[in-house]
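A quick write-up on the structure given underneath.
Nothing in this text is a laboratory measurement; each read-out follows from the coordinates by a stated rule. Computed from a prediction, not measured in an experiment: that's the story for all the values here. Heads up, the Cβs are rebuilt from the backbone with ideal geometry, glycines too, and the neighbour counts pull from every protein chain shown.
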Amino acid sequence: MKTIRWGILGAANFALKHMAPAIHAAEWAEFAALATSSPDKAAPFRAFCPSLRVHDSYEALLADPAIDAVYVPLPNHLHVDWTLKALAAGKPVLTEKPIALQAAEIDRIIAARDASGCLAAEAFMILHHPQWQRAREWVMGGEIGEVVHADAAFSFRLTDGGNIRNRPETGGGSLRDIGVYTFGSVRYITGAEPVALEARLLRDNGIDSFAHVFGTMRGAGETFTYASTTSMRAYNRQVVTVQGTKGMVRLEGGCFNAGVNDLAAAELHVQGNRVIRDRFSAVNQYRLQVEAFGRSIRDGVPYAVPLEFSRGTQAMMDMAYGAAEDI
């Protein structure tokens with residue numbers, strides 16, 4: 001098997017805390033290069049990967065023939081351009097969510113992916129975690145009967161006005177930052193797509209710091225109600241509930257940041273008030289994501305989060321923004 005040599009564009013804090021260590025720890029993966037013009041920012045990466053090569057520009061890393069795949073953790077508004085540049089350089093590329101700010105932009109990436117023959121994907125790591133796969137098995141397998149309602153919530157408190165998530169010019173806002181989770185997770189579990197949505201936004205400094213989205217979704221022959229709440233000004237909360245005619249599936253605690261905020265677990269509630277709880281205490285979803293991407297590059301194994309899935313989530317985002325009213 002071929003070891004995939006990874007390069008990271010930019011010394012983002014998220015890359016330092018999560019993805020760089022995941023690449024370093026993953027089987028058949030090597031964290032080989034980092035692009036940053038700041039030696040100070042490169043230092044903590046070199047602390048756990050002393051052999052790391054550091055390029056002083058993103059272009060230099062993309063031109064490095066020793067790099068097999070690229071990870072892009074740049075601010076949201078830069079994702080499309082650098083994903084396209086990586087593909088043009090002949091590099092498979094994994095880009096942080098949201099990979100784009102409009103569904104039409106993902107169409108450009110899909111076309112570039114197909115033309116280059118290189119894998120390109122959004123780093124929607126939760127779909128690699130077994131808790132979400134188990135939840136999908138329960139729902140799609142009919143364990144809760146027909147779905148009648150699904151709701152999801154994700155919140156955390158971020159008051160730093162200089163943070164890129166709080167800046168409109170860098171593609172900030174609660175929907176773009178964490179709505180991808182409340183939308184994408186329910187689409188994955190249920191296999192459903194939105195029929196009609198409404199949205200209420202609370203804006204702060206030009207971005208939606210709070211968003212409540214509600215409407216209907218349709219799966220395999222069934223239509224159900226849906227609600228999503230996202231906030232960057234409230235106490236930590238992560239929960240997804242899918243209710244059916246015979247039972248309920250629930251994920252909570254740190255379900256989106258499994259192993260970071262809380263232990264991962266999926267619950268199946270069935271008649272008689274019985275609860276089946278599956279726990280996943282030793283799973284690193286970022287490492288699983290890296291290993292899955294590597295298998296797709298080496299062996300052509302279908303990737304769990306193709307761009308077509310990401311486009312569906314972004315189309316849902318576009319629908320919500322298009323129907324939004326300010327509170």
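Using C-alpha pairs below 8 Å separated by at least 6 residues, the relative contact order for the stretch 126-283 is 28 percent. For the chain, pairs of C-alpha atoms spaced more than 29 angstrom apart make up 37 percent of the total. From helices alone, the chain scores -9000 deg cm²/dmol at 222 nm; the rule is -39500 (n - 2.57) for each run of n ≥ 4 DSSP H residues, then divide by the residue total. Compared with the dominant principal axis of the Cα atoms in the chain, helix 285-299 is inclined by about 70°.
Efficiency by 1/(1 + (r/R0)^6): what FRET value for Asp107 and Ser37, r their Cβ-Cβ distance, R0 = 25 Å, to the nearest 0.05? If you can, show how the numbers build up before the last one.
Working: r = 32 Å, r/R0 = 1.30.
After rounding, the FRET efficiency stands at 0.15.
Taking trypsin sites (Lys or Arg not before Pro) across the stretch 208-250, the ones in a DSSP loop with at most 15 further Cβ atoms lying within 10 angstrom of their Cβ are Lys246. With 10 Å bins beginning at zero, the pair-distance distribution over Cα atoms of the stretch 126-283 amounts to 11, 39, 34, 14, 2, 0 %. The phi-based Karplus calculation (6.51 cos²θ - 1.76 cosθ + 1.60; θ = phi - 60°) puts the 3J(HN,Hα) values of the stretch 58-63 at 5, 4, 5, 5, 5, 8 Hz, whole numbers, x for Gly and Pro.
Excluding Phe210 itself, what net charge comes from residues whose Cβ is under 10 Å from its Cβ, given Lys and Arg +1 and Asp and Glu -1? Counting the neighbours of Phe210, the net charge comes to +1. Which lysines, on any chain, are close to Lys41 with Cα under 25 Å apart, when same-chain ones fewer than 8 places away are left out? Counting by Cα, and skipping residues close in sequence, Lys41 has these lysines nearby: Lys17, Lys85, Lys91, Lys97.
At a threshold of 8 angstrom on Cα-Cα distance, excluding pairs fewer than six apart, so keeping six or more, what relative contact order does the chain reach in percent? Once divided by the residue count of the chain, the mean separation gives 19 percent. With a cut-off of 19 Å, note down the residues of the stretch 245-265 whose backbone N falls inside the zone around a label point 7 Å from the Cα of Arg279 toward its beta carbon. Hits in the stretch 245-265 for Arg279 at 19 Å: 250-265.
What list do you get for Val186, Val93 if you sort them by fewest beta carbons within 10 Å? Let's see the in-between values first.
Values: Val186 27, Val93 30.
In increasing order of surrounding Cβ atoms, one gets Val186, Val93.
Of the DSSP beta bridges with both residues in the chain, give the percent that are antiparallel, rounding to the nearest 5. Around 60 percent of the beta bridges assigned by DSSP in the chain are antiparallel ones. If a/c stays under 1.5 just call it rounded; otherwise compare a/b with b/c (prolate if a/b is bigger, oblate if not). Do that for the stretch 112-178, with a ≥ b ≥ c from the square roots of the Cα gyration tensor eigenvalues. Oblate, since a/c reaches 1.5 and b/c is not below a/b.
Considering only the other residues whose Cβ falls under 12 Å of the Cβ of Val148, what net charge follows from Lys and Arg at +1 and Asp and Glu at -1? Present the calculation step by step, with values, prior to reporting the outcome.
Details: positive: Lys246; negative: Glu146, Asp151, Glu222.
Here the count lands on -2.
Computed over neighbours whose Cβ is under 10 Å from that of Ala12, the net charge equals +1, Lys and Arg +1, Asp and Glu -1. The string of couplings for the stretch 151-165 from the Karplus curve (6.51, -1.76, 1.60, θ = phi - 60°) is 9, 9, 9, 8, 8, 7, 9, 9, 10, 5, x, x, 5, 4, 6 Hz, one whole number per residue in order, with x for Gly and Pro. With contacts taken as Cα pairs under 8 Å at a separation of at least 6 residues, the stretch 1-94 carries a relative contact order of 32 percent.
Computed about its Cα centre, the charge dipole of the chain is approximately 620 debye, with only Lys, Arg, Asp and Glu carrying charge at their Cβ.
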